[in-house]
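A quick write-up on the structure given underneath.
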């Protein structure tokens, strides 16, 4: 199926990138995955802002917004595209970690099928892998994703939608593809992402909407025990919106309605 | 210059890799850089063994040795090739971290110019970036190399050959492209790499030769203070052989002859 994908590389229809691209050589780049709805990518302004911030974190010049959006919109125009993925790398250069001033970033825009994972309730598990602390990369959606790959490789039961990951100190940080929000007596709590994890756009939108509605999301440490005792455990990202954790090993949570409420928040403001 | 490189991708002369390759998408792969000498890559057996071990660490099937070596030898046959780089990725697949059983690894063999960095004495500096602890990836030469990229981006003074990097606890681990060995009253010490860093082939060869000669290399923690007080600070990798640190900020070390000795050890046994 990879042959039939819709891909633009630096504005040209292409299926490949140069083997010397630093995205391949070192994972030296960032990415975004965006959901297509009503013939457009959802939350474009937020997505572009986060892409630019992540580029800045690595010292990569972000693509010009109008140019990137025109390519994204061309991709969205093809039938069957449900997800658009954008990758920006530092570009193709000579061997070696040093960053040449001659490097021109590589801009890849891909049209992909819909995820079809829009169920509201999920079963999840704990991952053994612990996220390492790297404050210089934490929060950034960069291309060094081996921790996520290893964590996701811990199970292959299709009934389990997601794995929860702790950091090296045992704090629960996220799922392999989602951010975490727990609810305790009506109070929202999300983990601090200044040492590891990715600060996703869906999480950010929920934080902003909650703030506006006078029900702030608190950034606090969440231990495994605290999570197990929460009234509700929610997972979010740009593709699945909000998942309610219904089952985690022996534990079952009844639906207290927060997942649907947060979904509505996410979708009211796009 | 990237256009003129000699590259084989899965045995075919090519300059590019599929945009859906997990090497690009997630840094999901491993690599080796090997020095060409006397019309062959040096230390092939060690290089292939390490490549296979690193593939195994990620659950990737390594390329068959005879096949890979025949491609490497074809590349070495072209004029001007001083370095061969081999990348093995998990292959090109659908979006998502989950590993499909249908994935076929991608094998990339590249011919590159000589490094021309075979000086014996170098000036180095300290890097601010600290390596994070990830025992599931430590020692492996995988494609998630943003920490090295960020560390290397801390200086652009061409007179400084290398930067020394500490881990999150302050132990000195390596340089951005080299392994570290210090000498204290004739005793060799190299850092433990079970939490971070890459266990390189040159370091491994020095450890084995030293053992054979009855002068073992001890694996111990090396603090910044311990390094500064060492009689000799040595850096090694497959391309530069052994560098003697002559200068580190205000500190100067006289040549006590160990670097040349270790170079000879490395080159006696290939």
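What number of residues within the range B:189-202 are within 11 Å of another protein chain (Cβ to nearest Cβ) and either surrounded by fewer than 22 Cβ atoms within 10 Å (Cβ to Cβ) or modelled with pLDDT under 95 (or both)?
1
Looking only at the range A:93-117, count every residue that is in contact with a helix residue (DSSP H, G or I) (Cβ under 6 Å, 6 or more places away or on another chain), surrounded by fewer than 22 Cβ atoms within 10 Å (Cβ to Cβ) and touching a residue at least 12 places away in the same chain (Cβ under 8 Å) and tell me the total.
Summing the residues that are in contact with a helix residue (DSSP H, G or I) (Cβ under 6 Å, 6 or more places away or on another chain), surrounded by fewer than 22 Cβ atoms within 10 Å (Cβ to Cβ) and touching a residue at least 12 places away in the same chain (Cβ under 8 Å) in the range A:93-117 gives 1.
Residue A:185: at positive phi and either in contact with a strand residue (DSSP E or B) (Cβ under 7 Å, 6 or more places away or on another chain) or in the same structural domain as residue A:251 (by TED's automatic domain parsing) (or both), yes or no?
yes
From the list A:90, A:130, which residue is more than 22 Å from residue A:201 (Cα to Cα), surrounded by 19 or more Cβ atoms within 10 Å (Cβ to Cβ), at pLDDT 95 or above and not assigned by TED's automatic domain parsing to the domain that holds residue A:169?
Only one candidate qualifies: A:90.
Considering the range B:171-187 alone, what residues qualify as being in contact with a helix residue (DSSP H, G or I) (Cβ under 7 Å, 6 or more places away or on another chain) and under 21 Å from residue B:138 (Cβ atoms)?
Selection gives B:172, B:176, B:179, B:181, B:182.
Scan the range B:220-256 for residues that are farther than 17 Å from residue B:123 by Cα and surrounded by fewer than 13 Cβ atoms within 10 Å (Cβ to Cβ) and jot them down.
B:225
What's the total number of residues in the range B:62-92 that are farther than 17 Å from residue B:13 by Cα and without any contact (Cβ under 8 Å) to a residue 12 or more places away in the chain?
Number satisfying all stated conditions: 2.
Residues of the range B:22-55 being farther than 21 Å from residue B:202 by Cβ and out of contact with any helix residue (DSSP H, G or I) (no Cβ under 7 Å at 6 or more places or on another chain), which ones?
The answer is B:22, B:25.
Which ones in the range B:161-188 are part of a strand (DSSP E or B), without any contact (Cβ under 8 Å) to a residue 40 or more places away in the chain and within 11 Å of another protein chain (Cβ to nearest Cβ)?
Correct list: B:163, B:167.
Count, please, the residues in the range A:106-157 that happen to be part of a strand (DSSP E or B) and either more than 7 Å from chain B (Cβ to nearest Cβ) or under 24 Å from residue A:252 (Cα atoms) (or both).
16
Does residue B:52 satisfy being within 30 Å of residue A:84 (Cβ to Cβ) and either surrounded by fewer than 23 Cβ atoms within 10 Å (Cβ to Cβ) or not assigned by TED's automatic domain parsing to the domain that holds residue B:87 (or both)?
Here the answer is no, as residue B:52 does not meet what is asked.
Quickly run through the range A:199-212 and pick out the residues that are touching a residue at least 40 places away in the same chain (Cβ under 8 Å) and either out of contact with any helix residue (DSSP H, G or I) (no Cβ under 9 Å at 6 or more places or on another chain) or over 17 Å from residue A:48 (Cα atoms) (or both).
Those that are touching a residue at least 40 places away in the same chain (Cβ under 8 Å) and either out of contact with any helix residue (DSSP H, G or I) (no Cβ under 9 Å at 6 or more places or on another chain) or over 17 Å from residue A:48 (Cα atoms) (or both): A:206, A:209, A:210.
Restricting attention to the range A:64-80, and to residues there that are surrounded by 20 or more Cβ atoms within 10 Å (Cβ to Cβ) and in contact with a helix residue (DSSP H, G or I) (Cβ under 8 Å, 6 or more places away or on another chain), which single residue is nearest to residue A:40 (Cα to Cα)?
For the range A:64-80, the residue satisfying everything is A:72.
The values are calculated or read from the model by the stated rules, or taken from the named source; none is laboratory data. Owing to the predicted nature of the structure, the values given are computational and were not obtained by experimental measurement. FYI the Cβ positions are ideal-geometry reconstructions off the backbone, even for glycines, and counts take in every protein chain you see.
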